[in-house]
Amino acid sequence: MRKLLVVLLTFLSFCVVADESVILGSFERQTEEFEMEYFGFSFETSWNGFGVQFLNFVDSGYYFAGKFSHLSADTDICVGSQCVSPDTDTIQTVFSGEIGWNYRNLTPFFGLSFFNEESEGETVDYSGFITGAWLDFDTFKLRGAITSIDQTEFTNARIWFSGGLLYQMDNNWAFGAEIGMETDGDGNGFRFSLSLGRSL
């Protein structure tokens, strides 16, 4: 499925004549906390990594975007105030794609994300659904999105609300920022990213 998504985004990038395209590199950070009330344990995980994102806006036309990110995790297991850090490496790779339609200053969209996590030789795959919109103010754009992630069959879907900004400078450089919070599910999470790139 991930390969099909990559092929689709590549095909669209050649077929659509873009009025405005932006490519961005980003620093990504995410923190998560999960508690097991019955056992008195809590897990605190910090993810750090990088991402590459391509955005394509067309006046009164299709919008599409694709993103790849690669993060590694540090986890603390705590009982009360006592915490230990297992000597394990967890790597997460995320592929996501979005498609929508531009209505003047408003661009609603939906998309899919595919997650791959590797830890101690074991691999877990899961997916998420994205819906949201961009609001265009000429020199900058605002983004709002809701992401529902179905991680495993043993946990509830995780719901993330996120908001972002894309600011395009006069010299074709672009700056982006996004923050997100988990508001439902079995844990608490917070994430942010800072991006820098160029308009094409």
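The values are calculated or read from the model by the stated rules, or taken from the named source; none is laboratory data. Everything numeric in this text was worked out from a predicted model, so none of it was measured. Note: ideal-geometry Cβ built from the backbone for every residue, glycine included; neighbour counts use all protein chains shown.
Name the one entry in ARG191, ARG198 that is within 20 Å of SER113 (Cα to Cα) and among the basic types (Lys, Arg).
The match here is ARG191.
Tally up the residues in the range 72-107 that are more than 15 Å from the chain's Cα centre (by Cα) and closer than 30 Å to LEU135 by Cβ, please.
Selection size over the range 72-107: 8.
Confirm whether LEU196 is over 18 Å from SER46 (Cα atoms), touching a Phe, Trp or Tyr at 6+ places or on another chain (Cβ under 8 Å), exposed (fewer than 15 other Cβ atoms within 10 Å of the Cβ) and at pLDDT 95 or above.
yes
How about the range 114-147: which of its residues are of a type in the set (Ser, Thr, Tyr) and assigned to a strand (DSSP E or B)?
Within the range 114-147, SER119, THR123, TYR126, SER127, THR131, THR147 meet the criteria.
When residues of the range 108-145 are filtered for being over 18 Å from the mean Cα position of the chain (by Cα) and closer than 18 Å to GLN53 by Cα, how many remain?
Residues meeting the conditions: 1.
Take the residues of the range 168-180 that are of a type outside the set (Gly, Ala, Ser), modelled with pLDDT of 90 or more and surrounded by 14 or more Cβ atoms within 10 Å (Cβ to Cβ): which is nearest to PHE115 (Cα to Cα)?
Residue satisfying both the conditions and the ranking: GLU178.
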